[in-house]
Amino acid sequence: MELLPRPNSTPEWVWNETNANSISSTGGKAWVAKLSASDSIHEYDSESDATTKMDELFDADSTNRRYKVVEI
């Protein structure tokens with residue numbers, strides 16, 4: 001599992017989209033593990049551990065980023 005931060009400019013419906021085969025007029029969908037060089041990449045073996053970390057990051061993040069747990 002990996003945590004991905006969501007930029008504020010990404011609408012909720014795009015963030016929750018599960019069909020990665022479609023491309024919208026805004027250029028499609030892309031998620032990154034890091035938004036800047038100083039960001040950390042968090043990888044976990046279990047979804048519950050990843051979700052716990054996601055909740056911790058969300059609560060501590062003053063930039064209003066959104067986080068998502070994905071299986072890679």
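The values are calculated or read from the model by the stated rules, or taken from the named source; none is laboratory data. Predicted model only: the values in this text are computed from it and were never measured. Glycine gets a Cβ as well: all are built from the backbone with ideal geometry, and neighbour counts include every protein chain shown.
If you take the residues of the range 41-72 that are outside any strand (DSSP E or B) and touching a Lys or Arg at 6+ places or on another chain (Cβ under 9 Å), which of them is nearest to Pro11 (Cα to Cα)?
Looking at the filtered set, the residue picked out is Arg65.
Tally up the residues in the range 1-13 that are of a type in the set (A, V, I, L, M, F, W, C) and at pLDDT 70 or above, please.
The qualifying residues number 1.
Can you tell which of Ser22, Ser38 is of a type outside the set (Phe, Trp, Tyr), modelled with pLDDT of 75 or more and part of a loop (DSSP other than H, G, I, E, B)?
None of the other options fit; the residue is Ser38.
Do you know which residues across the range 53-70 are loosely packed, with under 12 Cβ neighbours inside 10 Å and of a type in the set (Ser, Thr, Tyr)?
Listed by number, the residues that qualify are Ser62, Thr63.
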